[in-house]
Amino acid sequence: MSASRLFPLALVAALALALSFLTFPIVAIFADVGPGELVSSIDDPGSLDALRISLETTGLALAIILAIGTPAAWMLATRSFPGRSVAITLVELPLVLPPAVAGVGLLAALGPKGILGPALADGNVELVFQTAGVVVALTFVASPFYLRQAQAAFASIDPQLLDASRTLGAGEARTFARVAIPTALPALAAGAALAWGRALGEFGATLVFAGSLRGVTQTAPLAIFERFSTDFPGALALAAVLVALSGAILLATKLVATLGLDRAQA
Amino acid sequence: MPSRSQHERALRAGAWLALVGVAASLAAGCGGSGSSGKPRLTVSAAASLKGAFERYGRDFPDAQVRFSFGGSDELAAQIRQGVKPDLYAAANVKLSAQLFSEGLLEKPVPFARNRLVIAVPAGSSRVRALSDLARNGVKLVVGAPSVPIGSYTRALLERLPRVQRERILANVRSQEPDVTGVVGKLTEGAADAGFVYATDVIASGGRLDAIELPKRLRGRVAYAVGILPGIEHEQLARAFVSGLLSGRGRAALLEAGFEPPR
C-alpha cells in the first residue's frame, strides 16, 4: 500500500480512537446505573445541596469573570503597552497550575496566615470555609479560559468595522459595547462555556482553600468524591447529572453562537 | 526522483517505528522491575501511615516499595473496582475485614493502634480542652463520615451528651476527605481545632499541639494490613508484613507514635 492511501486510513483510525476514548467513560457512567436508580439518587438532599452550591458558585464566578475579563481582554487585544506580553503570560498562568497548587497559592495570598490574611480579617471578610471562598477559587482557575478566548476574539475583529464605528462618531466605549461585543459574541460565548465548564469541574483548589461542608462549600465534584467510596451508584448518579449539565451548557453556547452569527449577518 | 523520495519516506517511517518501539519497551521495562532491578511492591495505605511507612519503605531491603496514601475507604473502593496493589493497610480493621469477606484480601493482620486527640495550631490558646469545642464561634475541622478518622470522631461524639455533641457539630466548618486535609486546615491557621490521630501531631513537627482526650473517648483505632490474593511477589509482601510486626517496620511505627497491636 502506498503512503497516499495509508494516510486517510490513519486519519480515520486516529479520530475513531480519540472519539471512543473520550466518549467511553461518559457512556459507562450512564450504562452502569439504571435510570430509576439515577433519579432516586439525585433526590438525596446531599446531592441536591451539592448541585445547588455548584450552580450558585460557578454562576457567580462566571459573572465576575465576564464583568472584569471582557474589558481586560479588550485592553489586551487593542492596546500595546510596555509589559503587554508579560501581562498576557501572567493572565494565562493559572491555566498550567495544578489545582492543588492553585489552592495553596490562594491560601498563601488570602488565607488566614496569608499576605492579605490580616487585612481580610480586619475587614471582616471571611473566605476560608465560606461559599465566598469557593467563588474566589473558581474565579481564579477559570478566568484564563475566558480571557484567552476573549482576547483572541477581540483581536480578530475586522478593523474596518471598528474604524467605521469611530468614523460615525462613536467613542471607544460605545464601539466596545455596540460593535465589538456583538461581533465577537460567538467566540466570547465559547470562552464563557469553557470557563464555566472548568469551574463546574474544579475540585482541588476549592478543597484546599475553602474546605468541604455540605450546603456551604461542598460542590458536586467534592460530593462525588465523598460518595465514591461508600455509595458508588450515588456517585455515578451525581456524575451523570454533571455530564448532562455540562452538555446543556455546551449546547446553550452553540445556540448563542448561532444567534450571534445571525445578528452579525443581519 | 520518485523512488528516492519513497526511499526517504520509508526510512523516516522506519525511524518513527523504531522510536515508538524503544519508547514502548522502555515503558514496559519500567513497569516491570524498576530502575535498580529490584522487584516492586505496591502498598495502598491509610494517609496517617505516611511518615512511618515511607521510612520503613526506604529501609526495606528486598524490594522497591511504592506507596499510595489516601483515605482507607477510598483505597478500599479502588480495590473493589479492580485496582490491585500488593498490600492494603487500613486505619480501620472493619474496612479490611469487609474486603476479606468479599474475597478481595487475604486474612488481615492487626499491626498498630492509634488514638484520637484534639489538635490545635501550635501555641494557640482558643481551644484548651474538650469543653471549649462547644463554645460559640469555634471553628472545627473533622474528617468526612466515610473516612476512618471521620467515623472515629463521630463514634467519640456519640459518647458525649446530646447538647454538647450538637454544639460541637454546629461548629464544624469542613469535613475533609482524609486526615491530611484536617491537619492542613489546622496548620494553615484556618481552623481552631480538629480531631486527628496522635501520630499526626507528632508528624507535624511542632506545628500542632495535642490535647489529650479522656480515656473512654480516645477510640479504639486499630490498623490492619492484608495481602491481595494472587500477587506476583507474595513472599516479599509477607516479609513486609512481618517487618511491620517485629522488624524495621515496627520500629518506624513506634517512632512515629503508633502503639503496638493488642
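Of everything listed in (1) crowded, with 24+ Cβ neighbours inside 10 Å; (2) of a type in the set (A, V, I, L, M, F, W, C); (3) within 13 Å of chain A (Cβ to nearest Cβ), the single unmet condition for B:Ala122 is (1). Taking the criterion of being assigned to a helix (DSSP H, G or I) and farther than 16 Å from A:Ala184 by Cα, the residues of segment A:60-84 that qualify are A:Leu60, A:Ala61, A:Leu62, A:Ala63, A:Ile64, A:Ile65, A:Ile68, A:Arg84.
Within segment A:218-232, restricting attention to residues that are facing chain B (nearest Cβ under 7 Å) and not aromatic (Phe, Trp, Tyr), the residue that is surrounded by the fewest Cβ atoms within 10 Å (Cβ to Cβ) is A:Thr230.
Residues of segment B:193-207 that are open to solvent by less than 20 Å² (accessible area, probe 1.4 Å) and within 14 Å of chain A (Cβ to nearest Cβ): B:Ala193, B:Gly194.
Counting only residues that are more than 8 Å from chain B (Cβ to nearest Cβ) and open to solvent by 20 Å² or more (accessible area, probe 1.4 Å), segment A:202-215 holds 2 of them. Any residue at all in segment A:102-110 that's at the interface with chain B (Cβ under 10 Å from one of its Cβ atoms) and free of Cβ contacts under 8 Å to residues at least 40 places away in the same chain? Within segment A:102-110, one or more residues are at the interface with chain B (Cβ under 10 Å from one of its Cβ atoms) and free of Cβ contacts under 8 Å to residues at least 40 places away in the same chain. Of all residues in segment B:80-99, those being assigned to a helix (DSSP H, G or I) and closer than 24 Å to B:Asn114 by Cα number 7.
Taking the criterion of being touching a strand residue (DSSP E or B) at 6+ places or on another chain (Cβ under 8 Å) and assigned to a loop (DSSP other than H, G, I, E, B), the residues of segment B:114-133 that qualify are B:Arg115, B:Ala122, B:Gly123, B:Ser124, B:Arg126, B:Val127, B:Arg128, B:Ala129.
Yes/no per residue for (1) of a type in the set (S, T, N, Q); (2) more than 14 Å from A:Ser47 (Cβ to Cβ):
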residue	(1), (2)
A:Leu200	no, yes
A:Leu213	no, yes
A:Gln218	yes, no
A:Pro221	no, no
A:Ala240	no, no
A:Val256	no, yes
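Answer with yes or no whether B:Glu259 is open to solvent by 50 Å² or more (accessible area, probe 1.4 Å), within 27 Å of B:Arg165 (Cα to Cα) and modelled with pLDDT under 95. It is false that B:Glu259 is open to solvent by 50 Å² or more (accessible area, probe 1.4 Å), within 27 Å of B:Arg165 (Cα to Cα) and modelled with pLDDT under 95. Hey, can you tell me all the residues within segment A:217-246 that are of a type in the set (D, E, K, R) and part of a helix (DSSP H, G or I)? Selection gives A:Glu226, A:Arg227. Report yes if some residue within segment B:93-103 is of a type in the set (S, T, N, Q) and open to solvent by 60 Å² or more (accessible area, probe 1.4 Å); otherwise report no. Scanning segment B:93-103 turns up at least one residue that is of a type in the set (S, T, N, Q) and open to solvent by 60 Å² or more (accessible area, probe 1.4 Å).
Once segment B:232-253 is narrowed to residues that are over 13 Å from B:Ala89 (Cα atoms) and in contact with an Asp or Glu (Cβ under 7 Å, 6 or more places away or on another chain), the residue that is most open to solvent (accessible area, probe 1.4 Å) is B:Arg248. The residue that is most open to solvent (accessible area, probe 1.4 Å), counting only those in segment B:125-146 that are in contact (Cβ under 8 Å) with a residue 40 or more places away in the chain and more than 24 Å from A:Arg214 (Cβ to Cβ), is B:Arg128.
Against the condition more than 13 Å from every other protein chain (Cβ to nearest Cβ), open to solvent by less than 20 Å² (accessible area, probe 1.4 Å), closer than 10 Å to A:Ala50 by Cβ and not hydroxyl-bearing (Ser, Thr, Tyr), how does A:Ala240 come out, does it pass?
Details: more than 13 Å from every other protein chain (Cβ to nearest Cβ): yes; open to solvent by less than 20 Å² (accessible area, probe 1.4 Å): yes; closer than 10 Å to A:Ala50 by Cβ: no; not hydroxyl-bearing (Ser, Thr, Tyr): yes.
No; evaluated as a whole, the condition is false for this residue.
Does B:Gly194 count as touching a residue at least 60 places away in the same chain (Cβ under 8 Å) and assigned to a strand (DSSP E or B)? Let's see the steps before the verdict.
Values: touching a residue at least 60 places away in the same chain (Cβ under 8 Å): yes; assigned to a strand (DSSP E or B): yes.
Criteria met by B:Gly194.
Pairs linking a residue in segment A:120-132 that is closer than 15 Å to B:Glu188 by Cα to a residue that is basic (Lys, Arg), with Cβ atoms under 6 Å and 6 or more positions apart or on different chains, are A:Phe129/B:Arg173. Of the residues making up segment B:208-231, those that are open to solvent by 30 Å² or more (accessible area, probe 1.4 Å) and either at pLDDT 90 or above or within 14 Å of the chain's Cα centre (by Cα) (or both) are B:Asp209, B:Ala210, B:Glu212, B:Pro214, B:Pro229, B:Gly230.
Against the numbered list (1) within 14 Å of another protein chain (Cβ to nearest Cβ); (2) β-branched (Val, Ile, Thr); (3) buried (at least 19 other Cβ atoms within 10 Å of the Cβ), A:Ile115 comes up short only at (3). What are the residues in segment A:79-101 that are free of Cβ contacts under 8 Å to residues at least 24 places away in the same chain, surrounded by 11 or more Cβ atoms within 10 Å (Cβ to Cβ) and among the small types (Gly, Ala, Ser), if any? Passing the criteria: only A:Ala87.
Against the definition (in a strand (DSSP E or B), open to solvent by 20 Å² or more (accessible area, probe 1.4 Å) and either aromatic (Phe, Trp, Tyr) or more than 18 Å from B:Arg218 (Cβ to Cβ) (or both)), how does B:Phe111 come out, yes or no? Answer is no for this residue. Scanning segment B:143-185 for residues that are away from chain A (no Cβ under 11 Å), of a type in the set (Lys, Arg) and in a helix (DSSP H, G or I) turns up B:Arg154, B:Arg162, B:Arg165, B:Arg167.
The values are calculated or read from the model by the stated rules, or taken from the named source; none is laboratory data. It should be emphasised that the depicted structure is a prediction, and the values quoted were computed from it without experimental measurement. Here Cβ is always computed from backbone atoms with ideal geometry, including for glycine, and neighbour counts include all displayed protein chains. Note: areas computed on protein heavy atoms with side chains; ligands, DNA, RNA excluded. Shrake-Rupley method; radii C 1.70, N 1.55, O 1.52, S 1.80 Å.
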